[in-house]
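Peer 1: My questions all concern the structure below.
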């Protein structure tokens, strides 16, 4: 039986709102083919005012009437939501819950014939410049479904198809990586101010430098090590800064930070 809604979203937090905006504002989905549920009526009304999607506080209604059901609740709340949906077996599920494996989703809802795509979006999805790791292997052999999932997330960034066993690493790099970049930028801004720049001047210099470096890294065929060397002339200024970073084991610090993030993701997944 054809469902009333193409996409139903359970949970209306920050990332769910980003997905809804991307899907509707890009014209990938018509607002009337989307429904979202949440316990917070203020969030639902705000999304409805902006996008004109349907909304409800009845998760069962969303699950029963949507072709694809996207779970965007906090991982620690999933068990309660799954219990609420007892007896309902949505056949097509998308999950953006950090650390929650596909098998956990299936076992919690009742395996049935359901298929689950596990996705890890990141903060820049809000502005359409996100990075989304997606395991949609359950949908292999169903090109219409894989195209739907790919385009849904493609409406807010770049999609990388990846196996679930690498999802913890995706979490450590792109899922959480924006925070590392923001910390680096904040440190640069503070250093600029310490050396005589105003906050606005330091911010402008930092933001454009990071944007330009990222664009260059993505467009150049040279490895990053060569790009680093190209900025460092012998006896010049940059090499002095790079030497300090190397002496302080900058690469090792980043590795340690990512390892800690990945470890936590593994713990959340129950591995």
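Peer 1: Scanning for something in a loop (DSSP other than H, G, I, E, B), in the same structural domain as residue 251 (by TED's automatic domain parsing) and modelled with pLDDT under 95, does the range 211-221 turn up at least one residue? Steps first, please.
Peer 2: If we filter the range 211-221 for residues that are in a loop (DSSP other than H, G, I, E, B), which is where we start, we get 220-221.
Cutting the leftovers down to in the same structural domain as residue 251 (by TED's automatic domain parsing) gives us 220-221.
Next, from what is left, pick out any that are modelled with pLDDT under 95: 220-221.
Among the residues of the range 211-221, at least one is in a loop (DSSP other than H, G, I, E, B), in the same structural domain as residue 251 (by TED's automatic domain parsing) and modelled with pLDDT under 95, which makes the answer yes.
Peer 1: Return yes or no: is residue 29 within 23 Å of residue 136 (Cα to Cα) and either more than 20 Å from the chain's Cα centre (by Cα) or modelled with pLDDT of 95 or more (or both)?
Peer 2: On the way: within 23 Å of residue 136 (Cα to Cα): yes; either more than 20 Å from the chain's Cα centre (by Cα) or modelled with pLDDT of 95 or more (or both): yes.
It is true that residue 29 is within 23 Å of residue 136 (Cα to Cα) and either more than 20 Å from the chain's Cα centre (by Cα) or modelled with pLDDT of 95 or more (or both).
Peer 1: If you take the residues in the range 91-111 that are without any contact (Cβ under 8 Å) to a residue 40 or more places away in the chain and in a loop (DSSP other than H, G, I, E, B), which one is surrounded by the fewest Cβ atoms within 10 Å (Cβ to Cβ)?
Peer 2: In the first step, residues of the range 91-111 are kept if they are without any contact (Cβ under 8 Å) to a residue 40 or more places away in the chain; the result is 91, 93, 95, 97, 103, 105-111.
Then keep just the ones that are in a loop (DSSP other than H, G, I, E, B); that gives 91, 97, 110-111.
On the way: 91: 13, 97: 22, 110: 13, 111: 11.
Only one residue fits best here, namely 111.
Peer 1: State yes or no: is residue 179 in a helix (DSSP H, G or I), loosely packed, with under 15 Cβ neighbours inside 10 Å, modelled with pLDDT of 95 or more and within 15 Å of the chain's Cα centre (by Cα)? Give the derivation first.
Peer 2: Details: in a helix (DSSP H, G or I): yes; loosely packed, with under 15 Cβ neighbours inside 10 Å: yes; modelled with pLDDT of 95 or more: yes; within 15 Å of the chain's Cα centre (by Cα): yes.
So residue 179 fits the description; yes.
Peer 1: Going by the conditions given, is residue 69 under 17 Å from residue 151 (Cα atoms), in contact with a strand residue (DSSP E or B) (Cβ under 7 Å, 6 or more places away or on another chain) and either at pLDDT 95 or above or part of a strand (DSSP E or B) (or both)?
Peer 2: yes
Peer 1: Looking only at the range 157-171, which residues are surrounded by 21 or more Cβ atoms within 10 Å (Cβ to Cβ) and over 24 Å from residue 68 (Cβ atoms)? Don't jump to the end; show me each part of the working.
Peer 2: Here is the first cut: in the range 157-171, the residues surrounded by 21 or more Cβ atoms within 10 Å (Cβ to Cβ) are 157, 159, 167-168, 170-171.
168, the sole residue that qualifies.
Peer 1: When the residues of the range 47-76 are narrowed to those that are more than 21 Å from residue 3 (Cα to Cα) and free of Cβ contacts under 8 Å to residues at least 12 places away in the same chain, which ends up surrounded by the most Cβ atoms within 10 Å (Cβ to Cβ)?
Peer 2: Taking the range 47-76 as the starting set, the residues that turn out to be more than 21 Å from residue 3 (Cα to Cα) are 47, 49-50, 73-76.
Adding the requirement that they be free of Cβ contacts under 8 Å to residues at least 12 places away in the same chain leaves 49, 76.
Details: 49: 8, 76: 11.
Selected residue: 76.
Peer 1: May I pose another question? Could you check how many residues of the range 138-151 are surrounded by fewer than 17 Cβ atoms within 10 Å (Cβ to Cβ) and more than 16 Å from the chain's Cα centre (by Cα)?
Peer 2: Residues in the range 138-151 being surrounded by fewer than 17 Cβ atoms within 10 Å (Cβ to Cβ) and more than 16 Å from the chain's Cα centre (by Cα): 6 in total.
Peer 1: Is there a residue being within 27 Å of residue 76 (Cα to Cα), assigned to a helix (DSSP H, G or I) and touching a helix residue (DSSP H, G or I) at 6+ places or on another chain (Cβ under 6 Å) anywhere in the range 235-258? Spell out how you get there, then give the answer.
Peer 2: Keep residues of the range 235-258 that are within 27 Å of residue 76 (Cα to Cα), which gives 256-258.
With assigned to a helix (DSSP H, G or I) added as a condition, the list becomes 256-258.
Subsequent filtering for residues that are touching a helix residue (DSSP H, G or I) at 6+ places or on another chain (Cβ under 6 Å) retains 258.
Yes.
Peer 1: Further question on the same structure: Before we move on, is residue 114 surrounded by fewer than 18 Cβ atoms within 10 Å (Cβ to Cβ) and touching a helix residue (DSSP H, G or I) at 6+ places or on another chain (Cβ under 8 Å)?
Peer 2: On the way: surrounded by fewer than 18 Cβ atoms within 10 Å (Cβ to Cβ): yes; touching a helix residue (DSSP H, G or I) at 6+ places or on another chain (Cβ under 8 Å): yes.
Yes.
Peer 1: Please state which one of 159, 81 is under 22 Å from residue 29 (Cα atoms) and in the same structural domain as residue 29 (by TED's automatic domain parsing).
Peer 2: Values: 81 fails: under 22 Å from residue 29 (Cα atoms).
The unique qualifying residue is 159.
Peer 1: From 154, 128, which residue is surrounded by fewer than 21 Cβ atoms within 10 Å (Cβ to Cβ), farther than 18 Å from residue 63 by Cβ, at pLDDT below 95 and in contact with a strand residue (DSSP E or B) (Cβ under 9 Å, 6 or more places away or on another chain)?
Peer 2: Details: 154 fails: at pLDDT below 95.
When all the criteria are applied, what remains is 128.
Peer 1: Only one of (1) at pLDDT 95 or above; (2) crowded, with 20+ Cβ neighbours inside 10 Å; (3) over 10 Å from the mean Cα position of the chain (by Cα) is not met by residue 119, so which one is it?
Peer 2: (3)
Peer 1: What about residue 114, is it without any contact (Cβ under 8 Å) to a residue 60 or more places away in the chain, closer than 26 Å to residue 268 by Cα and under 11 Å from the mean Cα position of the chain (by Cα)?
Peer 2: Details: without any contact (Cβ under 8 Å) to a residue 60 or more places away in the chain: yes; closer than 26 Å to residue 268 by Cα: yes; under 11 Å from the mean Cα position of the chain (by Cα): no.
Taking the combined requirement at face value, the residue does not satisfy it.
Peer 1: Can you tell me how many residues in the range 149-169 are touching a helix residue (DSSP H, G or I) at 6+ places or on another chain (Cβ under 9 Å) and within 18 Å of residue 19 (Cβ to Cβ)? Spell out the reasoning first.
Peer 2: Filtering the range 149-169 for residues touching a helix residue (DSSP H, G or I) at 6+ places or on another chain (Cβ under 9 Å) gives 149, 151-157, 159-164, 167-169.
Filter again for within 18 Å of residue 19 (Cβ to Cβ), leaving 149, 151-157, 159-161, 167.
Number satisfying all stated conditions: 12.
The values are calculated or read from the model by the stated rules, or taken from the named source; none is laboratory data. This is a predicted model, so every value here is computed, not measured. All Cβ positions, glycine included, derive from the backbone under ideal geometry; neighbour counts span all protein chains shown.
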